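Just so you know, all these numbers are worked out from the coordinates, no wet-lab data involved. Just so it is clear, the structure is predicted and the values come from calculations on it, not from any experiment. Here the Cβ positions follow ideal geometry from the backbone for every residue, glycine too, while neighbour counts run over all protein chains shown.
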2 protein chains.
Amino acid sequence: MTNQQCSESRIAGCSFSVHPMSDNFIEVITHALKSVDKSKVWMETDDVTTTIRGKLVHVFDVTKSIFIHAAKTGEHVAFQATYSLGCPGDSAGDVYMAEDDIPANNTQIKDIKQPVAAKFSLYPLGGGNYMDVIMKQIEAMRKHVDVSHAHYSTRLDGESIKVLNGLEQVFNATVDGGSNHTVMTVSMSANSPSHKGANEHE
Amino acid sequence: MTNQQCSESRIAGCSFSVHPMSDNFIEVITHALKSVDKSKVWMETDDVTTTIRGKLVHVFDVTKSIFIHAAKTGEHVAFQATYSLGCPGDSAGDVYMAEDDIPANNTQIKDIKQPVAAKFSLYPLGGGNYMDVIMKQIEAMRKHVDVSHAHYSTRLDGESIKVLNGLEQVFNATVDGGSNHTVMTVSMSANSPSHKGANEHE
């Protein structure tokens, strides 16, 4: 498969889960899903994760929106996501690549205030200079939110929409930089009862 | 840095979180943490994830044990983990590399019955033949549990201890196969009220 063929089928995807730490977890998830326009992505949910596929702009738009709607219920909500774009894999949802580039939920969520703590890791696969790509993108995040070192990841603190927009830009820049198979993992927590900061155990 | 130097400092690590979907989430997590012998690993918890570092055998032993103790409370528990072993990064917890190789919690958890649904993805970084490594390790999992295709990952169904032991073997085999920087992500769910199987949305 040539690079040209790859770039023609560059459907993006995200496998994610939203975990409200509450007896009302089903209601919180159902509310978030109902609040979001998912018409521009392919979506499938099972008992472990939800998968979304489509144009990168819509994959980010929908996942951002689901997290923000879940978090603004005020419940302690954890969000875990793996964003992926690259050659290998399946073709479910390829039809959604014909959608336009206008994010369906952006105007609804862009002004919602919701502080968040997140950690992300970027994995550009298949190339030897991946650490340089990662370090450059960590620096780029400083324009958006507070950035600090964490183990196996980079910590981000700030408004959730800024964190998520920053992550989208980092992912886009890695793809535009020539990575043929890019993976990014994100862990995010809103309304946590824990104080910010590390707490070392023996 | 030569490969020899890499192999001398091959501390493993895991950044993970346990999410009980319950108002009792703090009690479930506290119970699980108290039930586990963590003396052979370095551990740090903040408001997003918990990080464990040490010998690979103990990193898996402790994370397995925390998940299984949380799941056996009967609550719907989600577990997300990124296991990592490789050169780049920090040295916190290096002192724990002097521990012996006897997993401290194995005898306590090895007979606990707890069905689980999981998805895992393996990322051997920095090399071009990573897809071959991944496909070989997915085949290897079939010895342990039910294996099926999922989007951006491989689905595993079976007893949690078999799933987790299988994941440990897959990770070990990837490292032993020469991967200098190996990352594996795992999403796992126990006691989910959802029926097994996919549920496609419009």
Query raised in the report: How far is B:Gln169 from itself in the other copies, in nm, if each label sits 7 Å out from Cα along the Cα-Cβ line, shortest first?
Result: 4.7
Report summary line: Rounded to whole angstrom, the alpha-carbon centroid of the range B:23-100 lies from that of the range A:40-91 at a distance of 26
**Report entry** Average other protein chain Cβ within 10 Å of Cβ, residues A:74-84
**Finding:** 4
Report task. Count, for each residue of A:152-158, the Cβ atoms from other chains sitting within 10 Å of its Cβ, then give me the mean as a whole number. Result -> 4
Requested in this report: Output, in nm with one decimal and in ascending order, the distances from the B:Met131 label point to the matching label points of the other copies (7 Å from Cα along Cα-to-Cβ).
Outcome: 2.7
Query - Packing rank of B:116-122, B:129-135, where each peptide gets the mean count of other beta carbons within 10 Å, highest leading - result: B:116-122, B:129-135
Query raised in the report: Along Cα→Cβ at 7 Å, what distances in nm separate the A:Asp23 label point from those on the other copies, shortest first?
Result: 0.4
Report summary line: For chain A the mean separation of alpha carbon contacts under 8 Å (6+ apart) over residue count, i.e. relative contact order in percent, is 26
Requested in this report: Go through the range A:107-115 residue by residue and turn each phi into a ³J(HN,Hα) via Karplus (6.51, -1.76, 1.60, θ = phi - 60°); whole Hz please, and just put x for glycine and proline.
Outcome: 5, 6, 10, 5, 10, 6, 8, 7, x
Requested in this report: Would you please give the FRET efficiency between A:Asp37 and B:Glu99, computed as 1/(1 + (r/R0)^6) with r the Cβ-Cβ distance and R0 = 51 Å, to the nearest 0.05?
Outcome: 0.50
Query - Spin-label proximity, A:Asp23 to the range B:23-48 - amide N less than 20 Å from point 7 Å beyond Cα toward beta carbon - result: B:23-31
Query - Average partner coverage of A:118-125, which counts Cβ from other chains inside 10 Å - result: 4
